[in-house]
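Have a look at the structure below before the remarks.
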Amino acid sequence: MAYESYAEFLDALEKAGELIRVSEPIATELEITELADREMKKPGGGKALLIEQPTVNGKVSPMPVAINTMGSARRMAMALGAESVEAVAEELGSLVQAKPPTGLRDAMALLGQALGLRHARPKKVKRGPCKEVIHRFDSPASRTEPWPSAPDVNDPSTLTPNPSTLLNLPIMQCWPLDGGRFLTLPCVVTRDPDTGDRNLGMYRMQVYDDQSTGMHWQLQKVAARHGRRYYETGERMPVAVFLGGDPVYPFCATAPMPDGLDEFLLAGYLRRKSVEMVQCETCDLEVPANADIVIEGYIDPTEPLRDEGPFGDHTGYYTLPEPYPVFHITAITHRKDATYPATIVGIPPMEDFYMGSASVKLFLPIFRMNFPEIVDIALPAEGVFHNLVFVSIKKTYPMQAFKIMHGLWGMGQMMFTKYIVVVDDFVDVHNTSEVLFHMCADTDPQRDSLLTKGPADVLDHATSEIAVGGKLGIDATRKLPGEGHKRNWPPLIKMDKTTKAKIDEVLKNSG
């Protein structure tokens with residue numbers, strides 16, 4: 001199902017009993033975070049929140065704020081237009097594992113899959129709702145003077161009634177020690193200057209003043225690679241940022257897509273309808289026509305980087321200030337009835353846990369193409385994405401668990417994983433208690449641990465050097481001959497089926 005607007009998605013959430021409207025004024029400074037954090041910590045992720053009167057420096061913003069809209073398994077599935085994430089994963093798995101047809105029935109099934117892809121490719125249109133209001137800015141001159149010590153966004157006198165300015169958007173200061181206000185759910189469009197390949201990513205953006213923000217793309221991200229090419233040539237780098245529209249967009253922006261593969265292809269496949277793209281007003285990039293807000297601009301590689309942060313991050317700690325490129329804004333366009341989408345990150349569980357879990361389920365068939373022995377993968381909330389991965393395998397030969405560790409560390413963003421625990425196929429990796437039981441009961445730390453090093457998440461404050469750190473793999477599978485275990489492996493304690501059935505009947509009759 002394709003949502004034609006973000007408002008349509010919010011309406012679907014409300015009809016499903018998944019959204020709470022908050023009518024009283026709530027400050028974008030800290031208060032929305034506290035309200036959303038309490039909701040996210042509820043069992044199952046709580047409800048989505050629509051803040052109808054967010055205030056910016058005490059003045060009500062003309063745009064409402066929506067938050068926690070994908071913060072549960074059900075809402076994540078609704079964002080993908082499906083009954084469940086598992087159903088989408090199963091469909092995608094059948095597609096990537098399709099084999100040449102051996103008969104008419106197979107040929108018809110394969111044809112049906114191919115027809116399902118006819119809407120995957122994005123298509124260009126001339127106009128869209130994201131241009132109902134257009135506000136262009138004079139091109140800001142390159143700064144040679146020092147940056148101001150405090151961003152203008154914190155000065156109430158800079159506010160104007162025009163919602164098309166950066167300072168009037170209900171951009172949140174999430175946590176007390178944050179360096180300012182941050183866009184937390186921006187979809188960032190960049191282009192490879194050599195190949196023309198487009199990338200859709202998500203990088204937080206700190207507001208510096210009315211026409212500039214930070215662009216926190218980390219060292220290993222695709223947009224950062226694009227940026228390095230512009231820094232080598234000295235040419236201005238066009239960048240477009242959009243918020244809202246179909247909720248599948250931010251999911252695709254965070255999905256572990258291979259470098260060079262357009263995320264809008266995945267969006268078109270998931271929504272079963274081509275993403276209509278419209279040309280930006282002031283830069284040579286395209287954005288979804290049904291977005292709520294579009295922020296256009298550029299990065300000037302001839303000017304110095306600027307410190308960005310601190311920021312209360314998904315690690316549960318503040319990311320300390322580091323230098324990043326400055327994004328200069330040349331235009332803001334938006335719907336007349338736009339909603340500002342936001343999220344917060346911090347000590348888990350948070351909304352991003354459900355987004356990350358959906359990505360793992362969706363891309364599990366891809367992992368299995370490379371490693372067919374993989375049964376399931378889980379990223380526990382406590383691991384805040386990259387820190388901890390549980391993987392179950394159908395083990396058939398010695399040292400297979402170590403093969404999986406090395407393989408996963410070599411796949412995309414899995415390179416950031418600090419701890420990988422491999423268990424047998426009968427272990428439920430989504431049950432952390434069960435995994436920890438087998439990790440403790442089925443391992444000899446000296447024999448079953450692999451300590452190595454490699455790339456680390458830039459946001460990881462625990463590493464001695466930025467972006468470089470250690471990794472630990474633990475083989476918690478049953479040991480086979482040839483793995484250094486010379487004793488008999490005992491059976492796991494389990495009750496026999498006859499006794500279990502008898503007690504089931506007793507309990508049923510007594511109830």
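Which far-off residues, 5 or more places away or on another chain, put their amide H under 5 Å from the one on E276, with H placed in the peptide plane? Counting only residues 5 or more places away or on other chains, the set is K123, A289.
Under 5 Å between amide hydrogens, built in the peptide plane, is the criterion, and for R236 it picks out nothing among residues at least 5 positions away or on other chains. Average projection, convex hull of the Cα set of the range 410-511: 10.6 square nanometres.
In this simple spin-label approximation, N431 and R38 carry label points 7 Å from Cα along the Cα→Cβ vector, and these lie 3.4 nm apart. Determine, from the Cβ-Cβ distance of E505 and V468 and an R0 of 51 Å, the FRET efficiency 1/(1 + (r/R0)^6), rounded to the nearest 0.05. The computed FRET efficiency comes out at 0.30.
Looking at the range 266-356 alone, DSSP beta bridges between its own residues are antiparallel in about 100 percent of cases. With N the number of residues in the range 164-244, Rg(Cα) / (2.2 N^0.38 Å) evaluates to 1.17.
Projecting label points 7 angstrom from Cα along Cα→Cβ for K15 and L177 puts them 4.6 nm apart. Each of A223, C174, C283 was scored by the projection of its Cα onto the charge dipole of the range 161-294, and the greatest displacement toward the positive side belongs to C174; charges sit on the C-beta of Lys, Arg, Asp and Glu.
Shown here for the range 410-511: trypsin sites (Lys or Arg not before Pro) in loop regions (DSSP other than H, G, I, E, B) with at most 10 other Cβ atoms within 10 Å, namely K486, R487, K494. Relative to the current alpha-carbon distance between K453 and T195, full extension at 0.36 nm per residue lengthens the span by 89.7 nm. 5 Å is the cut-off here: which amide hydrogens, built 1.01 Å from N in the peptide plane, fall below it relative to L169, excluding neighbours closer than 5 in sequence? Placed amide hydrogens put nothing under 5 Å from L169. Rounded to the nearest Hz, the phi-derived 3J(HN,Hα) couplings of the range 285-296 under the Karplus curve 6.51 cos²θ - 1.76 cosθ + 1.60 (θ = phi - 60°) are 9, 10, 9, x, 5, 9, 5, 7, 9, 10, 10, 9, where x marks glycine and proline.
When +1 charges are put on Lys and Arg Cβ atoms and -1 charges on Asp and Glu Cβ atoms, the dipole computed for the chain relative to its Cα centre reaches about 1780 debye. The Cα center of the range 436-470 and the Cα center of the range 309-336 differ in position by 29 Å. Counting only Cα atoms, the size of the range 372-429 along its three principal axes is 31, 23, 15 Å, in decreasing order. With the alpha-carbon atoms of the range 199-310 aligned to their principal axes, the span from lowest to highest coordinate is 43, 30, 29 Å, starting with the largest.
Counting only lysines at least 8 places from K500 when in the same chain, those with an alpha carbon closer than 23 Å to its own are K508. Counting 0.36 nm for each residue step from N488 to A87 and taking away their Cα separation leaves a gain of 140.3 nm.
The phi-based Karplus calculation (6.51 cos²θ - 1.76 cosθ + 1.60; θ = phi - 60°) puts the 3J(HN,Hα) values of the range 198-208 at 8, 10, 10, x, 9, 9, 4, 9, 7, 6, 9 Hz, whole numbers, x for Gly and Pro. On alpha carbon coordinates alone, what is the Rg over Rh value for the chain, Rh being the Kirkwood radius? When Rh is taken as the Kirkwood radius, the ratio is 1.00. With a cut-off of 10 Å between beta carbons, the residues surrounding F182 carry a summed charge of 0, where Lys and Arg count +1 and Asp and Glu -1. Secondary structure note: in the chain, about 70% of the DSSP beta bridges are antiparallel. If you plug the beta carbon distance of K124 and V60 into 1/(1 + (r/R0)^6) with R0 = 35 Å, you get a FRET efficiency near 0.40.
Bear in mind these aren't lab numbers, they're just calculated from the coordinates by the rules spelled out. All of these numbers come straight from a predicted model, not from anything done at the bench. Every residue, glycine among them, receives a Cβ derived from its backbone with ideal geometry; neighbour counts consider all protein chains shown.
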